[in-house]
1. Name every residue in the stretch 94-122 that is in contact (Cβ under 8 Å) with a residue 12 or more places away in the chain, closer than 25 Å to residue 39 by Cα and of a type in the set (A, V, I, L, M, F, W, C), in order of residue number.
2. Any residue at all in the stretch 75-94 that is under 11 Å from the mean Cα position of the chain (by Cα) and farther than 24 Å from residue 171 by Cα?
3. Quick test for you: out of 14, 97, 70, pick the one residue that is at pLDDT below 95, part of a helix (DSSP H, G or I) and under 18 Å from the mean Cα position of the chain (by Cα).
4. Restricting the search to the stretch 82-94, which residues are out of contact with any helix residue (DSSP H, G or I) (no Cβ under 8 Å at 6 or more places or on another chain) and within 18 Å of residue 31 (Cβ to Cβ)?
Amino acid sequence: MPVKQDAVALLKADHRKVEELFEKFEKARDANRKQDLATRICTELTIHATIEEEILYPVCKDAVEDDLLDESYVEHDGAKVLIAEISAGSPDDEFYDAKVKVLSEMIKHHVKEEERPGEGLFAQLRKADLDLVAMGQRLKARKEQLAKELEGGDLPPPETRSFTGHELVQSKPLEARA
């Protein structure tokens with residue numbers, strides 16, 4: 001019988017997988033390879049954010065500092081906007097590589113906040129009296145379900161908690177205005 005992974009171990013494994021995909025993207029030169037890697041990054045992050053928001057964050061509401069949880073939602077929302085931009089684009093688009101790079105930096109910051117020893121979200125979660133193995137099973141089951149739903153398809157439009165859906169106006173880059 002396989003060893004059951006607790007919630008923190010499962011989420012950390014997701015973090016390592018996405019970090020590896022970002023590293024591969026940075027080294028990629030071929031447009032098709034970049035597109036494939038970006039699609040995989042966006043899909044992995046969409047699944048990860050969904051399982052955290054649907055299962056992890058509600059459970060740890062009383063176990064984790066409110067500020068840390070609020071920041072996690074805002075960080076997810078910012079990432080979702082970039083994921084939508086990247087998913088709708090291609091490596092030939094202006095700012096494509098920059099968007100992937102900024103997404104990578106946002107995710108690195110978010111991971112650091114979650115994994116910070118002693119005071120990060122995961123450390124606070126471990127101190128709480130929660131069944132992390134059972135939560136890990138729930139996260140894994142939902143993750144598998146989402147992977148099947150998103151297989152070969154487009155990602156859903158981002159749903160945000162902290163962003164209010166401002167109307168955006170796209171302007172030309174500064175050098176193009178002159």
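The values are calculated or read from the model by the stated rules, or taken from the named source; none is laboratory data. Just so it is clear, the structure is predicted and the values come from calculations on it, not from any experiment. Note that we place each Cβ from the backbone using ideal geometry, even for glycine, and neighbour counts take in every protein chain shown.
1. If the condition is that a residue be in contact (Cβ under 8 Å) with a residue 12 or more places away in the chain, closer than 25 Å to residue 39 by Cα and of a type in the set (A, V, I, L, M, F, W, C), then 100, 102, 103, 106, 107, 111 are the ones that fit.
2. Taking every residue of the stretch 75-94 in turn, at least one turns out to be under 11 Å from the mean Cα position of the chain (by Cα) and farther than 24 Å from residue 171 by Cα.
3. Testing whether each residue is at pLDDT below 95, part of a helix (DSSP H, G or I) and under 18 Å from the mean Cα position of the chain (by Cα) leaves just 70.
4. Correct list: 88, 93, 94.
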